[in-house]
1. Could you order the peptides B:57-67, A:64-74 from most to least packed, using the average number of other C-beta atoms within 10 Å per residue?
2. Could you check what % of the DSSP bridge pairs in chain A are antiparallel, to the nearest 5?
3. If we restrict to alpha carbons, what Rg and Dmax does segment A:5-100 come to, in Å?
4. Just tell me how shielded A:26-36 is by partners: mean number of partner chain Cβ atoms within 10 Å of each residue's Cβ, no decimals.
5. Based on alpha-carbon centroids, what's the gap between segment A:44-108 and segment B:44-115 in Å, whole number please?
6. Grab the alpha carbons of the protein assembly as shown, take their convex hull, and tell me the volume per residue in Å³.
7. Give the peptides B:45-55, A:51-61 in descending order of average Cβ contacts within 10 Å, highest first.
8. Above 20 angstrom, tally the Cα pairs of segment B:5-115 and express them as a % of all pairs, no decimals.
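Derivation of every value follows stated rules applied to the coordinates shown; laboratory data play no part. Given the structure is predicted, the values throughout are model-derived calculations rather than measurements. As a convention, Cβ positions derive from the backbone with ideal geometry for all residues, glycine included, and neighbour counts pool all protein chains shown.
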Amino acid sequence: SQQGEEDPQALSIQEGENATMNCSYKTSINNLQWYRQNSGRGLVHLILIRSNEREKHSGRLRVTLDTSKKSSSLLITASRAADTASYFCVRYGQNFVFGPGTRLSVLP
Amino acid sequence: AAGVIQSPRHLIKEKRETATLKCYPIPRHDTVYWYQQGPGQDPQFLISFYEKMQSDKGSIPDRFSAQQFSDYHSELNMSSLELGDSALYFCASSLERGRNSGQPQHFGDGTRLSIL
C-alpha cells in the first residue's frame, strides 16, 4: 500500500497533556502535511514539512520527519478540549495520499 | 478571507438518479481536488484539476466525471447513483503555480450526499 499509516488510530488524553501521533509511509515524498478534521467538517491544513527538513514548529505543534525511517510525528503540547478532532498525515510524492487518521479526544 | 464554497450543502437522491456537485475555489487558486469520505471513513482522493486540465486521478468510479471551467469552478457529475455513494464530498483548492507541486490544500465544508 502507498498509504501513510498512522498510529495510534485513537488517542484519549486529559487537557494539558501532550499528544503524539505518528505516521509512516513506504515511498519517497516531496513533502508531508498534517491536517485536522473536526467531525463532519472540511480538513484544515496545520503544517507542511519538506523532505529536506527534519523539524518544524507552529505554535503548540511540532512536526518531525525522518526520511531514513520514512516516518513523521506530530506533537501537540498542552492540549485543549478544542484540539479534539481527527488528524491526518498526508504525504505528497507524485500525488496526495491520506493516512488512516488518528482520532484524538482531549478530555476536560 | 474567501474560502472554498461548495454547493449544495446537502443533497438527497434516489438510486439510479444523477447528481451534480459544485465547487468554487479560493480566488486565484489554480488547482481543485475532489474527495469522498464515507461514514466513519478517511477521505479518498477522487480527481484533481490544474489550470482546467485533469492533473491526477484517484479512485473515481467510471460513473462519475468532473471538469474545471474557465472561471476555475469545478463540478462533479455523478450518474447511476448507488447506495454506497452516500458520503461527504469535499472540494479543496490550492495555488500550485506548477502542476503537482504539493501545496497546502484549503477545503470546503463539503456536500453531504444521501442516497435513498
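1. Values: B:57-67: 14.6, A:64-74: 16.4.
For the peptides B:57-67, A:64-74, the packing ranking is A:64-74, B:57-67.
2. Numbers: 39 of 44 bridges.
Percentage antiparallel, nearest 5: 90.
3. Values for segment A:5-100 (Cα only, Rg and Dmax): 12.8, 38 Å.
4. 2
5. 24 Å
6. Details: hull volume 27.8 nm³, N = 224.
Residue-normalised Cα hull volume stands at 124 Å³.
7. Details: B:45-55: 18.4, A:51-61: 12.3.
In decreasing order of mean packing, B:45-55, A:51-61 become B:45-55, A:51-61.
8. Values: 2032 of 6105 pairs.
Summing the P(r) of segment B:5-115 above 20 Å gives 33 percent of all pairs.
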